[in-house]
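Structure incoming, see below.
We did not get these values from a lab; they are worked out from the coordinates using the rules stated. None of these values were measured; they are calculated from a predicted model. FYI the Cβ positions are ideal-geometry reconstructions off the backbone, even for glycines, and counts take in every protein chain you see.
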Amino acid sequence: MRSSSKEASARESRLRSRARGRSPVTGALRSGGALALLVGVAAIPLVLSSLGTFETPELSASPPYPVPSVEGIDRSGDRWQAAGDLEAAGALVYVSEQCPHCRSELAHWAALSAADEEIPLRIVASPTSEFEGLVWGPQVLRERVVSDAEGAIAKALGVRSVPVTLWIDSGGVVRDQRMGASSARQIQDEYRSLVASPAPKRSPPQPSTDHPFPGGPS
């Protein structure tokens, strides 16, 4: 009988404990931890998409400097020389398929092309960018894209983030450079400035440093 009474008492104690549930403090800590985890996870894409917006990384050289003699691959599968490719003053834009700012920049160039405002342009795609179909690039610009399959162009220029725009004169000298997306009007203004300014004296490029950048070699 005593044994039965003890068992009944123990069951009653367990039932009271279950009825009370977890303590408010423990519940708050668990809920707070879960909320913090959710906030942290949600913040990750924002942090990644903001890379390069709080400070402007520098390329390995400051204009004016000659375009490095490095190679890429054009749409025909042939070797493409970065130096001397543009027959007239124009732009070289380095992009990555994974970069939303690059797509925005290419959309501005596509709009200019659609408006029959042709500015000499070469687009260099990072090593991790899909190159065969180029479905991520505007159709009107696809024939202007070359692949930096080995990452040699990025390394020579010191590209750390994308998009990067180099304004090159007819003599193969980088006269100006910009990081980040712009606008169609800004592109027009930069091009007019390029063709209107006198040719500067060349200065040798500074040694490049190998750095990772979004969508590029690591």
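Considering only residues that are surrounded by fewer than 21 Cβ atoms within 10 Å (Cβ to Cβ) and of a type in the set (A, V, I, L, M, F, W, C), which ones fall in segment 69-88?
Once the filter is applied, which keeps residues that are surrounded by fewer than 21 Cβ atoms within 10 Å (Cβ to Cβ) and of a type in the set (A, V, I, L, M, F, W, C), segment 69-88 yields Val70, Ile73, Trp80, Ala83, Leu86, Ala88.
Now, a different point. Step by step: first the residues of segment 105-142, then only those that are closer than 18 Å to Ser76 by Cα and hydroxyl-bearing (Ser, Thr, Tyr), then the one that is surrounded by the most Cβ atoms within 10 Å (Cβ to Cβ). Which residue is that?
Ser126
Given the conditions (1) hydroxyl-bearing (Ser, Thr, Tyr); (2) under 27 Å from Arg192 (Cβ atoms); (3) surrounded by fewer than 18 Cβ atoms within 10 Å (Cβ to Cβ), which single one is not true for Thr165?
With respect to (1) hydroxyl-bearing (Ser, Thr, Tyr); (2) under 27 Å from Arg192 (Cβ atoms); (3) surrounded by fewer than 18 Cβ atoms within 10 Å (Cβ to Cβ), Thr165 is out only on (3).
If we only count strands (runs of 3 or more DSSP E) wholly inside segment 88-206, which ones have 3 or more residues that are touching a residue at least 60 places away in the same chain (Cβ under 8 Å) and either under 20 Å from Val70 (Cβ atoms) or touching an Asp or Glu at 6+ places or on another chain (Cβ under 8 Å) (or both)?
Strands (runs of 3 or more DSSP E) meeting the threshold: 90-95, 145-147, 164-168, 173-179.
Here is a yes/no grid of residues against (1) under 16 Å from Met179 (Cα atoms); (2) hydrophobic (A, V, I, L, M, F, W, C):
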position	(1), (2)
Val70	no, yes
Leu92	yes, yes
Val95	yes, yes
Cys102	yes, yes
Glu105	yes, no
Glu130	no, no
Val135	no, yes
Glu143	no, no
